[in-house]
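The values are calculated or read from the model by the stated rules, or taken from the named source; none is laboratory data. Keep in mind the model is a prediction, meaning the values are calculated, not measured. With ideal geometry, Cβ positions are generated from the backbone for all residues, glycine too; neighbour counts draw on all protein chains shown. The accessibility values were calculated without ligands, DNA or RNA, using every heavy atom of the protein model including side chains. Shrake-Rupley method; radii C 1.70, N 1.55, O 1.52, S 1.80 Å.
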Amino acid sequence: AQRVTQPEKLLSVFKGAPVELKCNYSYSGSPELFWYVQYSRQRLQLLLRHISRESIKGFTADLNKGETSFHLKKPFAQEEDSAMYYCALSAGGTSYGKLTFGQGTILTVHP
Amino acid sequence: EPEVTQTPSHQVTQMGQEVILRCVPISNHLYFYWYRQILGQKVEFLVSFYNNEISEKSEIFDDQFSVERPDGSNFTLKIRSTKLEDSAMYFCASSVEGVGKLFFGSGTQLSVL
């Protein structure tokens with residue numbers, strides 16, 4: 001069975017400070033990992049996925065298979081980054097769209 | 001950017017009643033999904049649908065649940081006899097292919113009284 005854990009329910013930082021949202025997973029195979037974000041009054045949307053190895057809105061995330069982690073980082077947080085962030089895992093293959101979500105972290109960036 | 005549309009945004013029903021939640025996926029997408037989120041809990045996968053049939057479903061998706069693509073644009077989730085514990089936000093999602101990103105709708109808040 002697969003599981004995703006986001007240990008922090010709430011995270012507060014000041015504008016310009018670095019931010020790291022933690023995500024750990026449990027899965028015996030080779031997972032696909034994602035970060036989804038939900039801004040206030042908006043729908044859930046994909047932020048980034050590990051296979052793309054891209055930086056979106058200044059955020060990056062590296063898959064660490066040894067630590068089974070996929071932490072989301074940004075060196076300088078902005079107020080507009082305030083949102084709910086979900087880490088999600090897919091087993092891939094024919095189950096690609098079946099995502100297992102973490103419980104989410106509410107990020108608040110103070111001015 | 002095209003969006004997944006869900007109706008209604010809120011639905012209140014009595015326990016034991018049937019409800020149908022409606023979704024219009026993005027037009028060129030081929031894979032469709034339903035997820036739900038009970039208040040304070042995780043977003044949970046319910047079912048995936050491709051080529052007019054269910055490709056995968058979770059343990060939550062029992063005989064009380066069914067999905068249908070009645071025409072070329074709509075994708076529906078039916079709950080035959082609602083229970084109190086079915087109260088949740090239900091999200092529809094679609095993707096252009098099985099390995100692409102999922103586009104989510106804004107959700108239907110279902111309240112079972």
key: Packing-based order for A:33-39, B:10-16, using average beta carbon neighbours within 10 Å, highest first   = A:33-39, B:10-16
query = Given Cα pairs under 8 Å that are at least 6 residues apart, what percent is the relative contact order of chain A?
reply = 38 percent
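On the accessible surface of chain B, probed at 1.4 Å, how many percent belong to carbon and sulfur atoms?
Carbon with sulfur: 47 percent of the solvent-accessible area.
With a 1.4 Å probe, what is the total accessible area buried between chains A and B, in Å² rounded to the nearest 100?
Numbers: alone 6370 and 6510 Å², together 11210 Å².
Its buried surface, counting both partners, is about 1700 Å².
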key: 3J(HN,Hα) from dihedral phi, the range A:23-31, Karplus parametrisation 6.51/-1.76/1.60, rounded to Hz, x for glycine, proline   = 8, 10, 10, 9, 6, 7, x, 9, x
message = If amide hydrogens are placed 1.01 Å from N in the peptide plane, which non-local residues have theirs closer than 5 Å to the one on A:LEU48?
response = A:TRP35
ask   = Taking a threshold of 30 Å on the Cα-Cα distance, which of the pairs A:LYS57/B:LYS57; A:LYS98/B:LYS78; A:LYS74/A:LYS98; A:LYS22/B:LYS78; A:LYS15/A:LYS98 fall above it?
value = A:LYS57/B:LYS57; A:LYS22/B:LYS78; A:LYS15/A:LYS98
request  = Restricting attention to the protein assembly as shown, give the cysteines that have no other cysteine Cβ less than 4.7 angstrom from their Cβ.
outcome  = none
query = Of all the accessible heavy-atom surface of the range A:12-57, with the other protein chains kept in place and a 1.4 Å probe, what percent is carbon and sulfur?
reply = 45 percent
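Please calculate how many Å² of accessible area the range A:9-111 carries per residue, with a 1.4 Å probe and no DNA, RNA or ligand atoms counted.
Solvent-accessible surface per residue comes out at 49 Å².
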request  = Find the accessible area per residue for chain B; the probe is 1.4 Å, ligands and nucleic acids are left out, and the unit is Å².
outcome  = 50 Å²
request  = Would you kindly derive the ³J(HN,Hα) couplings of the range B:63-70 from the backbone phi angles with the Karplus curve 6.51 cos²θ - 1.76 cosθ + 1.60 (θ = phi - 60°), listing them in order in whole Hz, with x for Gly and Pro?
outcome  = 5, 6, 9, 8, 10, 8, 10, x
note = Averaged over residues of A:97-107, the number of beta carbons from other chains lying within 10 Å of each residue's Cβ is 5
query = Are there residues in the range B:62-97 whose accessible area shrinks by at least 20 Å² when all protein chains are included rather than the chain by itself, and which are they (probe 1.4 Å, ligands and nucleic acids not counted)?
reply = B:PHE91
note = So B:SER111 and B:SER9, fully extended at 0.36 nm per residue minus their Cα-Cα distance, gain in nm 35.6 nm
request  = Search the structure for amide H atoms under 5 Å from the amide H of B:GLN17, placed 1.01 Å from N in the peptide plane, and list their residues when 5 or more places away or on another chain.
outcome  = B:THR82
